[in-house]
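Coordinate-derived values only; no laboratory data. Predicted, not measured: the structure shown is a model, and the values here were computed from it. Note that each Cβ is placed from the backbone with ideal geometry, even for glycine, and that neighbours are counted across all protein chains shown.
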Amino acid sequence: MVRLQLHTLGRTEAWLDGAEASALSSTKVGVLLSFLAMEHQRSVPRPELARQFWPDQAPEVARGNLRQALFQLRRQLGDLAGQVLKLDARYVRFIPGPAVQVDALQLEALAASRREPVPTLIDAVRGFRGHFLADLSSVQDTGGLEDWLIQSRQRVWRTVLSLLEQCVARAGASSEAVDLIHELQRLVALEPLDEQLQGLLMRALAGTSQPTRALDCYLEFEAHLRRELDTRPGPSLRRLYTDLRSRLAPGAGAHAAVEDVSLRPERRRVAVVVCDFRPPARDPGQTDVETLTAAVQQGTARVEATLFNHRGHIVRLPWACLLGYFGYPSGREEATLDALDAVWEALRGMPDGARPRIAVDSDVIITGSDPEVPDPAGLLTDRALRLAAVTAPGTVSVSSGIHERFRGHFRFVTEGLPAPRLVHHPGHADRVEAQAARALAPLVGREQPLSRLEAAWQRACSGQCTSLVIRSEAGLGKSRLARGLIEAVDGQAQLVLMLPCRQRFERQLLMPVRQAFARWVGPEPAWRRGRARRRLIRWQLQRHLQSPALVRRVARWLVDTDDRSLIHQGGDRDRLLDALVQLLAERARSGPVLLVCDDAHWIDSGTAELLRRVQRRLARQPVLIIFTGRMSFRSEWLHTAPAELRLSGLSDGAGMALINALDREQLLPEPTREAICRRAEGVPLFLEELTLHAIQRRRAGEPEAALPPALSDLLVARLEGLGGGRELAHAAAVIGRDFDIRLLARLTGQNLDQVQTVIKQLVALGFVERDAALVASRYRFRHALYHQAAYEALPATERRALHGRLAQLLEEDAELGVGNTEPEILAEHLREAGRPDDAVEQWLLAGDQAIAQGMLPEAEQHYADAQALLDRVGEADGRLPWVRQKNLRALVGLGVARLGLAGYGAEPVVRTFERAFEMADERADRVLYFQALWGLWHGSGSREGTGEAHRLALEMDRLAERSGDRLLRVAAQYAQGNAHFWTARYSQALTHQQRALALARKGDHATLIARHGESPVLTVRAVRAWTLHMSGRRDAAWAEIDAARAEAAALQHRPTQAFVEAFRGGLGFFDDAPRAALESAEHTMALAVEHRLPLWQVAGTAVRAWAQARLGESSALEVLREQVQVISESMGGVSTLFRLFLIDALPEGDPSGHRERLTTANRALADAARTGDDCYLPMIQRLRGRTLLTGPAPREAEAGWRDLSEARALAARQGALGLEVRVLRDMLEFAGPGEGRSALAEDLVRLEQRLAGIDAGARPVSQTKKEADRG
């Protein structure tokens, strides 16, 4: 019968006689029992136990503690103690037996037997809830068990793997395999980097006829290794992957071994190093040729080895010259940095007599498929050779571009030299460190994360060791944020150490710590504070390292990062770590200490152990440890789990703020800044590099390159990491940032299963992601610059061929009626494939479709693209008619789109239609000729006045009659009616408007919109509503506008709908109904904002501001003033109406607003006189008259009365009966007693009766919608 159960896997628990023994669960006594159980095969000496469990105590005290712990243990076990423990004066031993069950020992027994059935083994593995004594960190004072714990965990883990190996070998495709796979997946989540475990899972999946899932596991594991360790799976796992792929598709040529690397032409940034050993001409008596040849041979061998060790690709020239290509055959983010490191190291180790001229240059090239010719064009190589030719022997020259990029990494001199010379390598520095050496980029958009870091610093300063990890994807500013904290606490910290963990140093013991101490000591040995700090380090080491020679050696190694020697492992390593902890403790006693472990996902084991000991031993000291790491960084190895801070991308506002801060001289125009912000998508690294590159190019007067060099290197390296998926990524990039894998499979000629397998690899690597629309076959490049890098890496010939093939596929789909490829997408591919004529046709079609859908900004872009391509094609012989006809069509479409965007009288609109009219020919195409006239007519009222508008409207009417085109006649009648309205000829306007409506048919909207950008059938009704109101038919006007509104809403063409809503708001102004106007203005603005219609946004804003001002919101007046200014610049003809809004909105009788009201009225009269907008004249004179009559100067009253009289007479001549009634009421309001007042009253009654007869059912103006609206 089992009486004692010890659970050591996961949470430590002890169960005695069926009840949990809390005194033995997760306690030091319980750990002692577990220790003895794992060491049951030997008697453990008491001094060893005392030293292991109480390492910081004196031997006598430790032995006393051990006696007390054993007493407690025997007490807890009771009568079972004699069966389990054997104690004497020197040794302690655990005795396993039938009454005792230890889960870790059970696993070992099962693994050794090799006879148990698979279900039993799976049940045993299921009991593995976590690593051996996983909660030991919660038990106090167990620091001396660290080495034993590591060994025991490895021992138990090997046992688990052995059990799993037996299960996989024996389960096959049996029913137990499902449970086995479930357990394997659970353990993979626990240990995602264990290669043997991954192999077992792949074999188990393959054994259950799931080879595709097995391949997916490999791809995910490979991506995880690349992100975490920048390495790849071992040979055995790669062989398993290759075997599974071959089994899945036997004989497929594409399924080569995963380690195969193919060379193919690619567009890539490469650094080239030239080492020219040819000596200068020798004078008589100089070193003889034999000695010189020997020196050159030794130097060549030295340089070749050094370049090779730094990942250079070596090419020997026939003479004593070496070429080293970095970033070839595999792209690397740090290729140019590798080249500079290599030449500096080679120059320092050059043998006597060898003084090569070394040059380094970098640029984008098309790489070669022949390894002997990496640069087939030879342009970069030739440039580097010419740079070497002007380099002094024994020195290194670099190009100006490299000098600009790497000023923070190295020291250069330029004065008096033909090219920058490399003179000093200050040590290992990455991009952020190099930037810090120059000037850190501003920290913007990170106020909240920085405040969290500062709060953590305050907690640490209170005497509590605090740790926090900053997580984010690469490029989001983890390191910059940490340096922001360093800046914020400057002067408060006793010691600040930046520990830069770097990929190339992750296997070099304590390299981040060495770099930090090297910077802390300083570069100059003669520096007084530096000498004192060196002495402090040596003194601290002496307390833990016995040999004075070893102390000197370790102290020198610790602060000299160029020292390649390694200290002894084991005891020396532990003593060194203890010494460093004590050194930090000494500093912490004097003040707070800040440790920043940068890029902790590349931390080495020594630095990790140091920080863990700092956490444990300095728990009550003012120490703050900041870790920066990628999202996959794991911190379980720490003594105490750190708090977490996650960074995301910057907002658009913060991105623009960063760009503005970097461009202090305001060199970049606003469109360039906005383009950079869009391309970077909130990634600070991309924002910074794109901005600085654009500034540099602009200062040099050069066109902007495709990608900055730093980003080019980084993205090419990411692309290189795709392995076999690189070529598929190239093809996907040709399709676009968003792509469908079914189309991708057709484009590449691969089957869909193959493409899906590779796409999963690209997803695992973080290069592409599933489309947010959740369509199974839709994917997108994770970042726009990833797409750009994959696209630009393709040579132009391959790119053109892929575009051509893709265009053919899309055209075939269109002919068959499958797919929904937009014509603008097809046009892009046709253009890149070298088929400009077909591309023009597709862009014109795309513009027509956008106009029909009311998408005016898109339409403008499509027509502009067509026109730009036509300009490049030129008017070659035999093609002139075709080019001119397509150009005319593009110009007309462009003008129609701009009418609704910029305004009828805007300069770009007028220029576009003037160009179109110059090309138009009535005999060739009457519709295009009419459209050109239509555009000129729209702008004429604002520019030349209503006289020119009448002339053009009459010409359009004659043209429409000659053509016999009914729809042209509809548009011409609308233009005629419109022109008559503005000149206050209301009866003629109504006649033409009625003719337009009579000519129209129910299904005309689509064609009319395609021709004119709006439906004249509906816009004529909107203008007709105004005409009816001016003629005194108020109710008919509202009925007309509401009917037009309903029809426009049903049509769903947003520009037409916005036109009608804006005119309904204007009708509210004419009828003095601000609430009705406000409702329509809100609708207008909503349509304009959602569908990007700036013209109607201005109109809606103006009407809304007038209505709000009339309803008592004084702040609306400033908005209305701004809109008057805006509309005056784009549509001068409409500025009169906007000034009317402002006059009416300004408070009447207010002395402060009197002058503005009068000035605005005078300007409105001048505008109306200039443009011929007679319809507004009586309204303006009425409002000016009221202004003068209510003003502070009595002498203005006579002029005011005269204005009212003239307004009445003018309204009567125009037939504006409703306005005449309103003016009469004003005159009655200001008239004095006498016969004149009686005559005015009689006239008012007569006119109101007449008005009622004209608009049947209408009430007198004294009870109009104005009063109902206000009520």
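Calculated FRET efficiency, Ala868 and Ser632, Cβ-Cβ r, R0 35 Å, to nearest 0.05?
0.15
Report the gain in length on full extension from Glu961 to Ser330: 0.36 nm times residue separation, minus Cα-Cα distance, nm rounded to one decimal.
Taking 0.36 nm per residue and subtracting the Cα distance, the gain is 220.1 nm.
If one puts a single equal scatterer on every Cα of segment 1146-1270 and applies the Debye formula without solvent, what log₁₀ I(q)/I(0) results at q = 0.09, 0.13, 0.14 Å⁻¹?
Listed by q, the Debye log ratios stand at -0.27, -0.57, -0.66.
Given an 8 Å cut-off on Cα distances and at least 6 residues of separation, report the relative contact order of the chain as a percent.
Dividing the mean separation by the residue count of the chain yields 5 percent.
Enter the angle in degrees (range 0 to 90, nearest 10) between the Cα long axis of helix 478-488 and the first principal axis of the Cα atoms of the chain, meaning the one along which they spread out most.
Here the helix axis deviates by roughly 90 degrees.
Relative to the compact-globule scaling 2.2 N^0.38 Å, provide the ratio for the alpha-carbon radius of gyration of segment 745-821.
Segment 745-821 yields a ratio of 1.21.
Based on the mean of other Cβ atoms within 10 Å per residue, sort peptides 457-470, 14-27 so the most packed one is first.
457-470, 14-27
Gain in length, Glu447 to Leu317, computed as 0.36 nm per residue apart minus the alpha-carbon separation, to one decimal in nm?
Once the chain is fully extended between Glu447 and Leu317, it gains 41.2 nm.
Extension gain Trp148-Ala19, at 0.36 nm per residue separation less the Cα-Cα distance, in nm?
Roughly 43.5 nm would be gained on extension.
May I ask you to derive the FRET efficiency for Asp490 and Gln885 from their Cβ-Cβ distance with R0 = 56 Å, giving the value to the nearest 0.05?
My answer for the efficiency is 0.20.
Specify the angular offset, from 0 to 90 degrees and rounded to the nearest 10, of the alpha carbon long axis of helix 379-389 from the longest principal axis of the alpha carbons in the chain.
The angle comes out near 60 degrees.
Determine the shape class of segment 568-643: with a ≥ b ≥ c the square roots of the Cα gyration tensor eigenvalues, call it rounded for a/c under 1.5, and otherwise prolate if a/b is greater than b/c, oblate otherwise.
oblate
Over what distance in Å are the Cα centres of segment 1169-1239 and segment 1069-1114 separated?
Distance between centres, Cα-based: 27 Å.
How many angstrom lie between the Cα centre of segment 924-955 and the Cα centre of segment 1010-1034?
Rounded to whole Å, the Cα centres lie 18 Å apart.
Output the peptides 611-617, 813-819 sorted from most to least packed, where packing is the average of other Cβ atoms within 10 Å over each peptide's residues.
Going by the mean number of other Cβ atoms within 10 Å, highest first, we get 611-617, 813-819.
Using only Cα atoms, locate the centre of segment 370-429 and the centre of segment 472-499, then give the distance between them in Å, rounded to an integer.
If you average the Cα positions of each part, the centres end up 33 Å apart.
Kindly state, to the nearest 0.05, the FRET efficiency for Arg115 paired with Asp135, given R0 = 35 Å and r defined as their beta-carbon distance.
Between Arg115 and Asp135 the formula returns 0.55.
What angle, in degrees between 0 and 90 and rounded to the nearest 10, separates the Cα long axis of helix 966-982 from the longest principal axis of the Cα atoms of the chain?
Approximately 70 degrees, to the nearest ten.
Any idea what the dipole of the chain comes to, in debye rounded to 20, about its Cα centre with Lys/Arg Cβ at +1 and Asp/Glu Cβ at -1?
With only Lys, Arg, Asp and Glu charged at Cβ, the dipole is about 3740 debye.
Show me the ranking of peptides 100-111, 677-688 by mean Cβ neighbours inside 10 Å, starting with the highest.
Those peptides, ordered most packed to least, come out 677-688, 100-111.
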